[in-house]
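One structure below.
Nothing in this text is a laboratory measurement; each read-out follows from the coordinates by a stated rule. Fair warning: this is a prediction, and the values are worked out from it, not measured in the lab. Quick reminder, even Gly has a Cβ in these numbers, built from the backbone with ideal geometry, and neighbours come from all protein chains shown.
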Amino acid sequence: MKKQSYIVIGLNDFGKHVVHALSSTATELLVIDRDPKKLEDVSDLVLNTVCADAADPDVLDQLGISGFDGAVVDTSHDLERKVLITLQLKELGVPNIIVKATSEIEGRVLHRLGANKVVQPDREVGIRVANQIAGGKYFEAIELPQNYTIADLAVPAAWFEKSIRDLDIRANHGVTVLGIHRNGDVLLNPAPDLVLQSGDIAVLLGEVEQIDRLRDRIA
């Protein structure tokens, strides 16, 4: 069987986890990032790394990536770079292009421009969690990516009588409110207009680092 070959462009959290997972398989990897420090962090996992801007039209062409089976793109929140890289990968004939998106709209744009699969880790984890909840298992025994967690947080006084929309919890703290424990009930997927009250416990989904940072802020 022919060994698979993949390019990973961008070593943000998602790209880094892809590299860690694929490095334990027989997949041939080429990793590209603009940050030499990030490349150094995976140097013990990957033989072939290139410090370059993959959005530069000449870079991918010169690397001869047309022979690879696929590419994974994770350039964080930089939509312009994702678009340029996706278009170039498509033009160079890479058959399987997987791109991390930060929103549904961004995902639709990237899909139309040639991405074979668009990944939204927060959304996909959230859907998996919702399916568990719908099955009556609530937030127990849910398998999450290594750097994600689900945590209960007693709503601080500063949040009382404010809506989830007003607090803009996702934008300000990088976590998603999956539910609210209130008076023995669980309010699943609470509406943005839900006003938080004394005694509420928020069920949050997010990266471990973001959850810890939020706890420190409200302590």
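What to note about this one:
- Summarising the label geometry, the points placed 7 Å from Cα in the beta-carbon direction at R112 and N189 lie 2.5 nm from one another.
- Computed over every Cα-Cα pair of the chain and binned at 5 Å starting from 0, the pair-distance distribution P(r) comes out as 1, 6, 13, 16, 15, 14, 11, 9, 7, 5, 2, 1, 0 percent.
- For the pair the range 164-219 and the range 15-90, the centres of their Cα atoms are 35 angstrom apart.
- Per-residue ellipticity at 222 nm, computed for the chain from helices alone with -39500 (n - 2.57) per DSSP H run of at least four residues, works out to -10500 deg cm²/dmol.
- Neighbourhood charge, 14 Å Cβ-Cβ cut-off, centred on N12 and excluding it, Lys, Arg +1 and Asp, Glu -1: -2
- The range 50-89 - Rg and Dmax from Cα coordinates, angstrom: 9.8, 28
- The H on the amide N of A101, modeled in the peptide plane, is under 5 Å from the matching H of V119, Q120, each at least 5 residues off or on a different chain.
- Dividing the radius of gyration of the alpha carbons in the range 5-119 by their Kirkwood radius gives 0.93 for Rg/Rh.
- Positive-pole candidate from V42, I211, A71, dipole of the chain, charges at beta carbon: A71
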